[in-house]
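Each remark here refers to the structure printed beneath this line.
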Amino acid sequence: MFMTKAYIKCISYYMPKKIISNNLLNKKFPVWTSEKILNKTGVKKRYKTEENEFSSDLAIKAAKKIFKEHNINKNDIDFIILCTQSPDYFLPTTACILQDKLGLSKKCGALDFNLGCSGYIYGLALCKGLIKSSIAKNILFITSETYSKFIHSKDKGNLSIFSDGASASIISDSGLAEILNFELGTDGSGYNHLIVKEGGIKNRNFTNNYENNKSGKIKTSSYLYMNGPEIFSFTIKKIPGLIKSVIEKNYLKFNQVNLFIFHQASKVVLDHIKKKNKIPDEIFYNNLESFGNTVSSTIPIALKEAIDKKKCNGFVLLAGFGVGLSWGGVILKFN
């Protein structure tokens, strides 16, 4: 019996116009030189939305860009999926708003899902399920995040790493890269290591509490809190096993993978992954310096760049990990 396959047909991305350079951060935090910021984080510049610019705005621009760049007929889109942790509203679903703003068919399914650093991998898994079950044929899968709106103005650590941005991918039953087998995982016991505690239903009101310890680490319930050491520890423990499992689930050997694209978390994380797993520089893709950590958009942005640079051939391994705690990996097979 013929089994429908799922493919990434094309990818585009959109970044906000405002750029936060290391020089700008140095002016805000004089003890942190531009060189020190780059050496510590691996980031030269990051992007930030305007006050009146939201995830839906970035998503719309990314979607319009993919329609134009790849000559996509928007009338062929029969499902839209949005991955975001910064939706415009609690309700309605932002994807419903996108359906209207983009002029997509009213027969188009639409949903949001809330996931961060592993979001692109999980989204590909959802898309593959919809394609293989014949529920959808052409899916517009968008990642869009505005973490800058969650970060305290004095939190130099998170301000130096995170960046706003959006990506758009078309997932279909034919295309550039076949989506093969997945490895997914969750450890919710670490949920509080990367969190915005207030603003949701459980803690509706913002207390604007603020703590600045001796090392300059900001801790506040009203803004993004990241326990860096715990996130790093989680990453170095989980990722080697994730890589091994993804490769095995796809009946491959390590040396058959032509390119590794990981979530662009930070310099220290990427350096450790590369060293620990003995991945050669030439097949380890890194664009953190130019974009910062755009959360769920890091992988598709890097993948788009790698495709344009003709670095994608044969088998490409994608892996995301972080907030949740959550992780996921998949192999793409390029034609």
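Just wondering, is there one or more residues in region 294-312 that are closer than 19 Å to G185 by Cβ, open to solvent by 10 Å² or more (accessible area, probe 1.4 Å) and over 18 Å from the mean Cα position of the chain (by Cα)? There is no residue in region 294-312 that is closer than 19 Å to G185 by Cβ, open to solvent by 10 Å² or more (accessible area, probe 1.4 Å) and over 18 Å from the mean Cα position of the chain (by Cα). Checking each residue in region 18-37 for being in contact with a Lys or Arg (Cβ under 8 Å, 6 or more places away or on another chain) and more than 13 Å from G157 (Cβ to Cβ) picks out K18, I19, I20, S21, N22.
Each residue in region 128-181 was checked for being in a loop (DSSP other than H, G, I, E, B), of a type in the set (K, R) and over 28 Å from L317 (Cβ atoms), and 1 pass.
Contact map, region 29-47: residues that are under 17 Å from D271 (Cβ atoms) paired with residues that are of a type in the set (V, I, T), Cβ distance under 6 Å, separation 6+ or inter-chain. Pairs shown: T41/I161.
The residue that is surrounded by the most Cβ atoms within 10 Å (Cβ to Cβ), among those in region 218-231 that are part of a helix (DSSP H, G or I) and touching a residue at least 40 places away in the same chain (Cβ under 8 Å), is I231.
If you go through region 70-91 and keep only what is open to solvent by less than 90 Å² (accessible area, probe 1.4 Å) and more than 14 Å from T143 (Cβ to Cβ), you end up with H70, I72, N73, K74, D76, I77, D78, F79, D88.
All conditions in (1) open to solvent by 80 Å² or more (accessible area, probe 1.4 Å); (2) under 22 Å from S148 (Cβ atoms); (3) in a loop (DSSP other than H, G, I, E, B); (4) touching a residue at least 24 places away in the same chain (Cβ under 8 Å) hold for N52, with the sole exception of (4).
For I66, the conditions (1) open to solvent by less than 40 Å² (accessible area, probe 1.4 Å); (2) part of a loop (DSSP other than H, G, I, E, B); (3) farther than 21 Å from L288 by Cα; (4) not aromatic (F, W, Y) are fulfilled apart from (2).
Screening Y191 with (1) over 30 Å from N71 (Cβ atoms); (2) touching a strand residue (DSSP E or B) at 6+ places or on another chain (Cβ under 7 Å); (3) hydroxyl-bearing (S, T, Y) gives one miss only, at (2).
Taken as a whole, the structure places K36 among residues that are at pLDDT below 95 and more than 21 Å from L115 (Cα to Cα). The single residue among D57, D112 that is assigned to a helix (DSSP H, G or I), open to solvent by 30 Å² or more (accessible area, probe 1.4 Å), at pLDDT 95 or above and among the acidic types (D, E) turns out to be D57. Of all residues in region 164-179, those being of a type in the set (A, V, I, L, M, F, W, C), open to solvent by less than 30 Å² (accessible area, probe 1.4 Å) and more than 10 Å from L140 (Cβ to Cβ) number 3.
Tallying residues that are surrounded by 15 or more Cβ atoms within 10 Å (Cβ to Cβ) and not hydroxyl-bearing (S, T, Y) within region 10-23 yields 6.
When you look at L332, is it crowded, with 21+ Cβ neighbours inside 10 Å and either at pLDDT below 95 or over 26 Å from K18 (Cα atoms) (or both), yes or no? So L332 fits the description; yes. The residues of region 233-264 that are open to solvent by 30 Å² or more (accessible area, probe 1.4 Å), in contact (Cβ under 8 Å) with a residue 40 or more places away in the chain and part of a helix (DSSP H, G or I), listed by number, are I236, K238, S245, K249, Q256.
The values are calculated or read from the model by the stated rules, or taken from the named source; none is laboratory data. Fair warning: this is a prediction, and the values are worked out from it, not measured in the lab. Positions of Cβ are backbone-derived with ideal geometry, glycine not excepted, and every protein chain shown enters the neighbour counts. Protein only, heavy atoms only, side chains kept; ligands, DNA and RNA dropped before computing areas. Shrake-Rupley method; radii C 1.70, N 1.55, O 1.52, S 1.80 Å.
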